[in-house]
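Engineer: First, the structure itself, so that you have it in front of you.
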Amino acid sequence: MSYEFFDHTADIGIQAQGSSLAELLMAMACGLRELVAEDSLIQPQEQRAIKLAAEDPASLLRVWLQELLFWFSTDRFLPAKYELSNVTATTVEGRVQGERFDPMRHVPGREVKAITRHQLEVKQQAGKWFGRVIVDI
């Protein structure tokens, strides 16, 4: 499971891979977390349930990241650990553990405004899952 960033005009992209769709989703979530909180140490102090559905894997990636961004935007919640119990090409269900952003312990990163559809891609190739998304900053 790994992720990296790539430049895109005024925005930034995240691309990742994993041995399963669940691993890809978690890798992309780690990339988003790094954007908003740099390399801060996040503790799994609070647990939240998550259950999402979409029409295809790319749309699922987008709604997954949108939900995590919503949690950060509204509650300052940063994910630390993912327990995804049911992941299909169109659904994700499980629990996310993390904590709220604390300016005394966490480094503020970039302001992420949205997860875009532009160049959104998820594909399975040679037994691995690959994805990329452009993040509006």
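What follows is calculated from the coordinates using simple rules that are stated; it is not laboratory data. Note that the structure is a prediction, hence the values are computed from the model and not measured. Cβ sites come from the backbone with ideal geometry, for glycine too, and all protein chains shown count toward neighbours.
Engineer: Charges on Cβ only, +1 for Lys and Arg, -1 for Asp and Glu, centred on the Cα centroid of segment 2-136; of LEU32, GLN17, THR88, which one is farthest towards the dipole's positive end?
Structural biologist: THR88
Engineer: How many times 2.2 N^0.38 Å is the alpha carbon radius of gyration of the chain?
Structural biologist: Cα Rg divided by the expected 2.2 N^0.38 Å: 0.97.
Engineer: If you don't mind, another one. Treating the beta-carbon of each Lys and Arg as +1 and of each Asp and Glu as -1, no other charges, what is the dipole magnitude of the chain about its Cα centre, to the nearest 20 debye?
Structural biologist: Dipole of the chain, to the nearest 20 debye: 180 debye.
Engineer: Additional query: Taking Cα pairs under 8 Å and at least six residues apart, what relative contact order does segment 2-136 come out at, in percent?
Structural biologist: With pairs under 8 Å counted, the relative contact order is 32 percent.
Engineer: May I pose another question? Mind checking which of PRO57, PRO44, PRO103 has the largest fluctuation in a GNM of the chain, springs on alpha carbons under 10 Å?
Structural biologist: Of the options given, PRO103 has the highest mean-square fluctuation.
Engineer: Aspartates and glutamates near LYS51 by alpha-carbon distance under 20 Å, same-chain residues fewer than 8 away left out - which ones?
Structural biologist: Cα-Cα hits under 20 Å: GLU23, GLU67, ASP75, GLU83, GLU93, GLU99.
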